Amino acid sequence: MSESNYHKNLYTAFGLQISSDIQLPELRTEVKAEAGPDQVIIAASSRKDWPAINASDHSTPSLQMIPADWRLELEGIGWFRAHEGRFISWQRWDDSVSDRDLRTFLVSSALGALLIQRGFLVLNGTALVKDGKALLLLGSPASGKSTLAWCLHQQGWQLLSSELTVIDEQGMVLPGMQQLKLWYDAAEELMLDWQQLPLVRKALKRYAILPPDLSVVSEPMPLAVIYGLNRREQKDKNKEEVKDKEEGADDPDAICAWQVIRQQVALLQLRNQAFQPRFYRGMGKEQQLFIQAAALVKRVEVHRLALPDGVKLMKKVLKDKSLEDPVSLAPKQSQAESPEEE
Amino acid sequence: MTDQDNGYWYLASYPKSGNTWCRVFITELLRLSEEDAEGELNLNQDVETGSIASSRHWLDDQLGINTCDLSFAELDPLRGRAGEKAWLFAEGERFHKVHDAFRSPDSMGRPVVSTSGCKGVVYIMRHPEDVAVSLSHFFSWDLARCVEFLLDPMAGLVMTDRHGGHQVRQYMGRWGQHVISWVDQQQIPVLVMRYEDMLAKGSETFLELAKFLDLPNQPELVNQALENTSIDRLKKLEDQVGGFSEKPEGCERFFRSGRTGEGAEKLSFEQRQKLASSLDVVMKRFDYRGPQDG
């Protein structure tokens, strides 16, 4: 690590000082790095120097994990290592791999693994802020978080963290990765000038929206509400959810939200949307995840949010709705019944 | 238990060839073999035989990345690395549906599914004329388009790279290529099941399936599971749950006719001839007749 130029680029994200030898425009630039327990170093390193590990049962051919060490082998891109909650090492697969290719996985999988090592609650979510309060959109990759986030951004919401979001013990959402990735179809339907936008990676029809095109918040913000995204074409097999659905639920053009009243169900939803649950298991942090998620559902309401499938329609119906107030999104009957159920 | 004891299986097929029927049968057989089995199968709650091999969620978990960050061409060679630990899942979840061909043009000669720890594949096939009719109902396409699809060497599911989705691209190729890719591969044991035999010789065919998959295979149990999953029974079960969850939007019902010979009735002579002239070698090998064969 000593030969590296890791001090070249300084960033701040998730409450950490990040020194990197590779540019990470997805993170907020920091002027001065301060060495200390909150400093994270990202630097090239030969994987031959990485000590052998006796990987846990939750490892896979691509992922090798023990409690304080995480390795990813991504053929065609490179090798990544996060260890001791402080260091991320990387090695390029070959010279054809660009920095842009590497950083895509550095700021997602590798940084996410490091955050889990540090004991953070990391969720698959995008957080936005309005009037000093944060909302969290939870959903698996490709569930439409970024598209919805962009629509909300157009209504004055500011981005706090995208893709992976960290919530601390006080229920504060920490500023994280500040970039929205939109697919070609979404960019087209949102009438964005996609030809002017940088590609997420050269091989993809996915575009990155970054500041200054994106208004962002750089301070931790209190989490006010969590929405689990439901795309309409997805049929849901969850009994409780079916039971929860009331009048208006089947209108494909509507936007509706239902509070998940049972804390156990809310807890499961959070656990299922943990960032890479296998990382938690492989690094022996599953119990930590449960405890943190349980504490969070006691503090913050979790709602399921059903959205129309089409991007244009989503944009249109959002115009008259306020996600700050989930009760206003409840279907009529449910709205009347919710207080009694509580 | 060793990894070998806990191996996993693939249920591979070209779409609309009886794969779901097979999965429902396995679910029912396992359900009936439980000591406290009672009631009947709920299609939308019980049929969980393991992730489809093209599930993005599954691949993200196995590969440790957001697969939206890779192109399909980059992803295909990596997909075979997902699944080695499938045996860690519950008993009923060791049977993975696959619609991909065994290899794709982008997979660098490798299988697109993991073969390590895999105990075998059941390849389910159906007369391509009947597949065309069933595809037509499923996708709401006209029959001419379905015939073209079956003959398209680059055919696949989820081909677009312009938006994300819950499944990744599944290259299938021409119907005959798909069959051969699985049936002639040498890496995992294969049991070929013709849909026509599943219908005409149900007891025998499903007993063979149960034995191949190391499932409970007492003949009376297999027959009971078969009876409980007949097409008429499945149609009734689908009505009970208000539509099978795997039914696409616009498709009236998932379990529709299930019978054989519909293709010969509904396709034009020219369409049948077109299929036969391109697929004749594979059709003949598996005893499927074309319009000229009477």
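Just so it is clear, none of the values below were taken in a lab; they were calculated from the coordinates. No experiment lies behind these values; they were computed from the predicted model shown. Note that each Cβ is placed from the backbone with ideal geometry, even for glycine, and that neighbours are counted across all protein chains shown.
One table, with the values for the structure above:
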read-out	value
Separation of the B:Val281 and A:Lys133 label points, Cα + 7 Å toward Cβ, nm	6.7 nm
Entries in A:Lys48/A:Lys205; B:Lys97/B:Lys266; A:Lys145/A:Lys312; A:Lys48/A:Lys285 that, when Cα-Cα distance is taken, lie over 23 Å	A:Lys48/A:Lys205; B:Lys97/B:Lys266; A:Lys48/A:Lys285
Whole-Hz ³J(HN,Hα) from phi, Karplus 6.51 cos²θ - 1.76 cosθ + 1.60, for region A:261-266, glycine and proline x	7, 6, 4, 5, 5, 4
Cα→Cβ-extended label distance, 7 Å offset, between A:Lys48 and A:Ile261, nm	6.4 nm
20 Å binning of all Cα-Cα separations within the protein assembly as shown, expressed as whole percents from 0 upward	18, 50, 29, 3, 0
Gained length - B:Gln186 relative to B:Glu204, 0.36 nm times residue gap less alpha-carbon distance	3.9 nm
Signed unit charges on C-beta, dipole axis of the protein assembly as shown, positive-most listed residue A:Ile261, A:Asn230, A:Ser89	A:Ser89
Cut-off 13 Å (backbone N to label point 7 Å along Cα→Cβ of A:Ala203), residues of region B:157-176	none
Inter-probe distance in nm under a simple model that places probes 7 Å from Cα toward Cβ, at B:Asp293 and A:Asp95	5.7 nm
Under-5 Å amide H pairs with B:His96, H placed in peptide plane, nonlocal only	B:Trp9, B:Tyr10, B:Leu11
Segment A:Asp193-A:Arg299, extension gain: residue separation times 0.36 nm, minus the distance between their alpha carbons	34.1 nm
Under Karplus coefficients 6.51, -1.76 and 1.60, residue-wise ³J(HN,Hα) of region A:274-284 in Hz, glycine/proline x	4, 5, 6, x, 4, 4, 4, 5, x, 9, x
Value of relative contact order over region B:82-238, rounded to a whole percent, pairs C-alpha under 8 Å and six or more apart	23 percent
Extension gain (nm, one decimal) between A:Asp168 and A:Lys316, 0.36 nm per residue minus Cα-Cα	49.9 nm
In degrees, nearest ten, helix A:286-299 long axis to first principal axis of chain A (Cα)	40 degrees
Average Cα contact separation per residue, chain B, under 8 Å, 6 or more apart, as relative contact order %	23 percent
Within chain B, longest stretch clear of exposed trypsin sites (Lys or Arg not before Pro) (DSSP loop, no more than 15 other Cβ within 10 Å)	B:1-161
P(r), alpha carbons of region A:6-117 - 5 Å bins starting at zero, rounded %	2, 12, 24, 26, 19, 12, 5, 1, 0
Where GluC sites (Glu not before Pro) fall in DSSP loop in region A:10-48, at most 12 other Cβ within 10 Å	A:Glu34
Region A:6-117, dipole about Cα centre (Lys/Arg Cβ +1, Asp/Glu Cβ -1), debye to the nearest 20	160 debye
